[in-house]
1. Considering L365, L354, which residue is without any contact (Cβ under 8 Å) to a residue 60 or more places away in the chain, assigned to a helix (DSSP H, G or I), within 16 Å of ligand 1 (Cβ to nearest atom) and under 23 Å from Y402 (Cβ atoms)?
2. Could you tell me whether region 334-348 includes any residue that is within 16 Å of ligand 1 (Cβ to nearest atom) and either modelled with pLDDT under 95 or closer than 27 Å to T73 by Cβ (or both)?
3. Looking only at region 167-209, how many residues end up being closer than 24 Å to V147 by Cα and without any contact (Cβ under 8 Å) to a residue 60 or more places away in the chain?
4. Scan region 66-86 and tell me whether some residue there is crowded, with 17+ Cβ neighbours inside 10 Å and within 16 Å of ligand 2 (Cβ to nearest atom).
5. What is the residue count in region 348-365 for residues that are open to solvent by less than 40 Å² (accessible area, probe 1.4 Å) and among the basic types (K, R)?
6. Contact list please: Cβ distance under 9 Å, first residue in region 6-31 and within 27 Å of D180 (Cβ to Cβ), second residue within 16 Å of ligand 1 (Cβ to nearest atom) and open to solvent by 50 Å² or more (accessible area, probe 1.4 Å), pairs at least six apart or on different chains.
7. Could you figure out which of (1) assigned to a helix (DSSP H, G or I); (2) away from ligand 2 (no atom under 16 Å from the Cβ); (3) farther than 29 Å from A200 by Cβ; (4) open to solvent by 10 Å² or more (accessible area, probe 1.4 Å) isn't true of G293?
Amino acid sequence: GRAQDLAALEATVRDAVREQPVWDFHTHLYPPSFGTPFAGSGKASDPKGLMLWGIDELLTYHYLVAEVFRVVTPQQLSYDDFWRMTKREQADHIWKHLFLERSPISEACRGVLTTLQRLGLDPAERDLAGYRQWFDEQDPDRHIDRVMEISGVSRITMTNAVFDDNERLRWLENRHVGDDPRFAGVLRFDPLLRDWPAAAAQLVRWGYPVNKTLDDQTVEQARKFIRDWIDRVQALYCAVSLPPDFRYEGLEDPRTSSTVLRKIILPVLAERDLPFAMMIGSRLRVNPELRDGGDMVGLADVASVARICSDFPHNRFFCTMLARENQHELAVAARKFGNLMVFGCWWFVNNPSLIDEITRMRVELLGTSFIPQHSDARVLDQLIYKWDHSRDLIANVLADKYRDVAATGWRPSENEIRRDVRLFFHENMSNFLGTPTP
Ligand code: RAT
Ligand code: ZN
């Protein structure tokens with residue numbers, strides 16, 4: 001009967017979404033070649049290494065640092081005292097106050113539990129020492145394979161921040177640092193648009209003689225800088241995070257950021273046939289004491305994005321926004337411009353209720369032509385919970401939408417459902433990037 005058909009349809013959708021490997025569009029993860037502060041028990045570690053994994057990193061995720069300071073206030077434990085603790089002590093503090101002394105029901109807390117469970121550890125035991133011991137026994141390199149297997153992630157896209165000294169030097173010192181085939185490079189250069197004078201001063205130090213004024217020589221040298229680094233990191237695309245007040249008024253816009261975009265960044269990307277990813281709406285360090293956890297959300301200007309897509313038809317743009325209030329307008333903008341690919345539920349909207357709402361709305365406006373999610377994982381193991389939670393939510397939305405069309409008598413076949421899910425998790429990205437699907 002019909003009810004049975006619908007139950008079968010839903011089961012097909014859930015299987016398809018669970019089984020489809022995902023190419024994670026945006027993470028802050030790195031292979032072991034970038035060093036790891038935690039190499040497993042007794043093994044040599046690199047305190048400033050960039051590959052983060054394991055229970056202590058999971059517990060000290062900046063989302064949880066922000067949450068713990070709500071319940072143990074800075075008057076009770078100063079920011080300085082917190083940051084002076086070892087990673088393990090910070091993790092103990094967060095475990096005690098966010099997991100034991102109150103229930104871990106925030107999304108970031110719940111994520112730690114999902115991750116433990118899917119790794120085969122038992123959250124019911126509440127045994128932090130036992131979890132640590134298990135992680136101590138793992139080998140970081142093999143752990144990457146295991147986490148990718150469990151989370152169904154086929155490829156991890158990095159965020160290679162060229163203005164970060166720690167990261168930049170690793171690229172310069174080791175030309176094979178980015179060779180791990182599980183990871184793809186992305187060139188990230190926020191200061192070029194957020195603070196050109198500071199970026200220019202750095203470029204001069206790195207051997208690119210630019211001026212604060214955007215004269216011809218400056219344009220040429222800054223383009224060379226971008227080209228050199230695209231080559232070095234083998235970037236799939238270039239990316240920036242922009243503040244809520246980012247504006248682009250048109251080709252005559254005299255703002256420095258608009259000029260850098262128009263004369264430096266977009267011509268290089270058009271020449272290399274690479275997309276540009278704009279993540280808009282983060283106001284940095286409204287509470288600098290929280291470090292990475294201290295950034296705020298603000299309303300961005302979608303009209304600026306639309307003008308960019310219209311003025312630069314030979315460029316392709318990925319875009320995501322941090323404010324819930326921007327999501328509808330951004331999806332509508334994507335209906336107007338084929339060179340605009342909306343992606344992910346970013347950071348403060350990467351929560352179940354908002355993922356559900358945003359994904360539904362995007363399907364209604366864009367069908368299958370967007371990238372529903374990225375993980376933004378900073379700790380390897382987070383791939384597990386971020387994808388686990390999102391897959392469930394995406395499957396719910398798809399099941400409802402197939403049910404709605406099924407009510408007309410249109411029956412999507414299993415192959416068609418799997419094809420659609422593949423678009424969401426892999427092909428919309430690979431097609432937009434222009435890279436063939438393996
Ligand atoms: O979500 C995060 O971890 C943020 O701190 C940012 O990294 C953000 O995703 C970004 O890429 O700027
Ligand atoms: Zn990010």
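1. L354
2. So far as region 334-348 goes, yes, one or more of its residues are within 16 Å of ligand 1 (Cβ to nearest atom) and either modelled with pLDDT under 95 or closer than 27 Å to T73 by Cβ (or both).
3. So the answer is 3.
4. Among the residues of region 66-86, at least one is crowded, with 17+ Cβ neighbours inside 10 Å and within 16 Å of ligand 2 (Cβ to nearest atom), which makes the answer yes.
5. 1
6. Partner pairs satisfying both residue conditions: T27/R378; H28/R378; L29/R378.
7. (2)
To keep it simple, each residue is scored yes or no on (1) open to solvent by 40 Å² or more (accessible area, probe 1.4 Å); (2) in contact with a Leu (Cβ under 8 Å, 6 or more places away or on another chain); (3) within 16 Å of ligand 1 (Cβ to nearest atom).
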| site | (1), (2), (3) |
| --- | --- |
| G130 | no, yes, no |
| E137 | yes, no, no |
| G178 | no, no, no |
| T213 | yes, no, no |
| E220 | yes, no, no |
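The values are calculated or read from the model by the stated rules, or taken from the named source; none is laboratory data. None of the values given here were measured: they were computed from a predicted structure. Backbone-built Cβ (ideal geometry, glycine too); neighbour counts: all protein chains shown. Side chains are part of the model used for accessible areas, which takes the heavy atoms of the whole protein and leaves out ligands, DNA and RNA. Shrake-Rupley method; radii C 1.70, N 1.55, O 1.52, S 1.80 Å.
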